[in-house]
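Structure record follows, encoded as structure tokens.
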Amino acid sequence: GLFNRTLYMEQLMTTGGGWQDQIGGVVGGVKHITTEPGLFQVPRISWTDLKIRPNMELSERFLLYYTGLRRLAKNILRNIVGKYLDRDPVTLGTISQLREKSFEMKQELDHRNIDAFGKKIAEVWELNKTLDPGTSNEQIEAILSRIGDLIHGAKLLGAGGGGFLFIVTKGVEETRRIRQILTNKPPNERARFFDFDVDEEGLKVSVL
């Protein structure tokens, strides 16, 4: 009910969007979410324990970098949905590939294969750009070119265009070097790294 009400509100506000963000925020943990075709979506959720070994810090291999670039996802989403409704063959094929990649990425995480997961992040990023070139821009690609040899993959979170960059590094030393490179010479005065962790509990409501 909450998922669909949020979806309905987004359509009323003309911002577009789907059901994934509200499920991701309300339900805790690292998860793979699927639904069947139809007007009323009933999500199926499959969880993954992201810990590679006891006491592993996510920051050893995963980085969250705010690019300092602001974007509105509305136009990107509108372009993609428009091509989907037009039954554009490239768009339909790309969406099908993205769906399959999500299953593959879940499997790589289940097997604690972070290298393969990172490489699939790179594949997904290229598929995202195939859907709409506006997903990326010159500033984003310039950031990625500076750290390309140190990462397995990276992509903007959400629809793209700017915002937060999720990075999978090749190792602990590469993580340190990326932090040094982008901290010593950031692309703009707003750009910075954010510490993050997985919320295992999800949304909690307290009544005072």
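The values are calculated or read from the model by the stated rules, or taken from the named source; none is laboratory data. Here the structure is a predicted model, which is why all the values come from computation and not from measurement. Cβ: placed from backbone, ideal geometry, glycine included. Neighbour counts: every protein chain shown. The accessibility values were calculated without ligands, DNA or RNA, using every heavy atom of the protein model including side chains. Shrake-Rupley method; radii C 1.70, N 1.55, O 1.52, S 1.80 Å.
Table: residues versus (1) over 19 Å from L50 (Cα atoms); (2) out of contact with any helix residue (DSSP H, G or I) (no Cβ under 9 Å at 6 or more places or on another chain); (3) open to solvent by 70 Å² or more (accessible area, probe 1.4 Å); (4) not polar (S, T, N, Q).
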position	(1), (2), (3), (4)
N137	yes, yes, no, no
H152	no, no, no, yes
L157	no, yes, yes, yes
R176	yes, yes, yes, yes
I181	yes, no, no, yes
F193	yes, no, no, yes
V198	no, no, no, yes
G202	no, no, no, yes
S206	yes, yes, yes, no
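Whenever a residue of region 174-192 is more than 16 Å from R61 (Cα to Cα), its partners that are assigned to a loop (DSSP other than H, G, I, E, B) and among the hydroxyl-bearing types (S, T, Y), lying with C-beta atoms within less than 7 angstrom and at least six residues away or across chains, give the pairs P187/T67; A191/T67. Condition test on I147, is it open to solvent by less than 20 Å² (accessible area, probe 1.4 Å) and either in contact with a Phe, Trp or Tyr (Cβ under 7 Å, 6 or more places away or on another chain) or in contact (Cβ under 8 Å) with a residue 40 or more places away in the chain (or both)? For I147, the condition - open to solvent by less than 20 Å² (accessible area, probe 1.4 Å) and either in contact with a Phe, Trp or Tyr (Cβ under 7 Å, 6 or more places away or on another chain) or in contact (Cβ under 8 Å) with a residue 40 or more places away in the chain (or both) - is not met. Selection of region 15-32 for residues being open to solvent by less than 40 Å² (accessible area, probe 1.4 Å), at negative phi and in contact with a Phe, Trp or Tyr (Cβ under 8 Å, 6 or more places away or on another chain) yields Q22, I23, V30, H32.
Of all the numbered requirements in (1) touching a residue at least 40 places away in the same chain (Cβ under 8 Å); (2) among the hydroxyl-bearing types (S, T, Y); (3) open to solvent by 60 Å² or more (accessible area, probe 1.4 Å), Y84 misses one, and that requirement is (1). Checked against (1) open to solvent by 10 Å² or more (accessible area, probe 1.4 Å); (2) under 12 Å from the mean Cα position of the chain (by Cα), L127 passes all but a single condition, namely (2). Just a yes or no: is a residue in region 61-74 touching a Lys or Arg at 6+ places or on another chain (Cβ under 6 Å), free of Cβ contacts under 8 Å to residues at least 60 places away in the same chain and over 30 Å from R5 (Cβ atoms)? No - not one qualifying residue is present in region 61-74.
Before we move on, is V172 farther than 20 Å from R70 by Cα and open to solvent by 10 Å² or more (accessible area, probe 1.4 Å)? Yes. If you go through region 11-40 and keep only what is in a strand (DSSP E or B) and of a type in the set (F, W, Y), you end up with nothing.
Here's the yes/no breakdown for (1) over 22 Å from A154 (Cα atoms); (2) touching a His at 6+ places or on another chain (Cβ under 6 Å); (3) at pLDDT below 90:
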site: M56; (1), (2), (3): no, no, yes
site: F62; (1), (2), (3): no, no, no
site: R78; (1), (2), (3): yes, no, yes
site: D88; (1), (2), (3): yes, no, no
site: D110; (1), (2), (3): no, no, no
